[in-house]
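Following: one structure in structure tokens, then a few remarks.
Every number in this text was worked out from the coordinates using simple rules, so none of it is lab data. Because the structure is a prediction, the values reported are computed rather than measured. Glycine gets a Cβ as well: all are built from the backbone with ideal geometry, and neighbour counts include every protein chain shown.
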Amino acid sequence: MKFNVSTAFIAVLAACASSVFAQSVDWNSADSQACAQKNWAAIKQQVDVTIAENWEFLPSFIKDVVKQSGALNADNTLVSNPTGAQLVVLATSFPSGIFNPYANDIVQQCLTATPSETETETEEPST
């Protein structure tokens with residue numbers, strides 16, 4: 001088997017980049033947690049699939065931490081209404097390919113969204 005240095009470099013670079021991007025959301029932030037809770041159905045839908053596909057390959061210590069947090073149902077799907085503390089556990093315990101790429105994407109979009117004009121306009125009472 002011939003070793004290709006450029007392929008290995010690209011793989012390492014991709015792994016580093018995904019690691020950096022996986023940390024782009026401050027999961028201890030109340031704003032991040034609120035965005036995640038607001039968009040939880042979309043996050044849950046995507047993450048439940050990746051959990052199911054990868055559950056048997058996860059180390060037992062990760063399974064134990066996530067289960068003990070109460071963030072998983074008995075069938076290893078995410079709970080319907082996670083607390084802020086449970087979100088932190090999910091984001092920091094699962095390997096980056098399971099929770100973070102989906103949740104980070106959705107939360108980043110929520111955090112950077114500009115409110116519509118109807119949400120920012122306030123009507124002053126007429127006198």
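Near the amide H of L72, within less than 5 Å, lie the amide hydrogens of V79, all on another chain or at least 5 residues away, with H placed in the peptide plane. Per-residue Karplus couplings for the stretch 69-80, computed as 6.51 cos²θ - 1.76 cosθ + 1.60 with θ equal to phi - 60°, are listed in order as 6, x, 7, 10, 7, 4, 8, 6, 9, 5, 5, 6 Hz, Gly and Pro entered as x. If R0 is taken as 41 Å, the Cβ-Cβ distance between N81 and F61 corresponds to a FRET efficiency of 0.95. All distinct Cα pairs of the stretch 19-98 go into the 1/r average, and the inverse of that average, the Kirkwood radius, is 12.8 Å.
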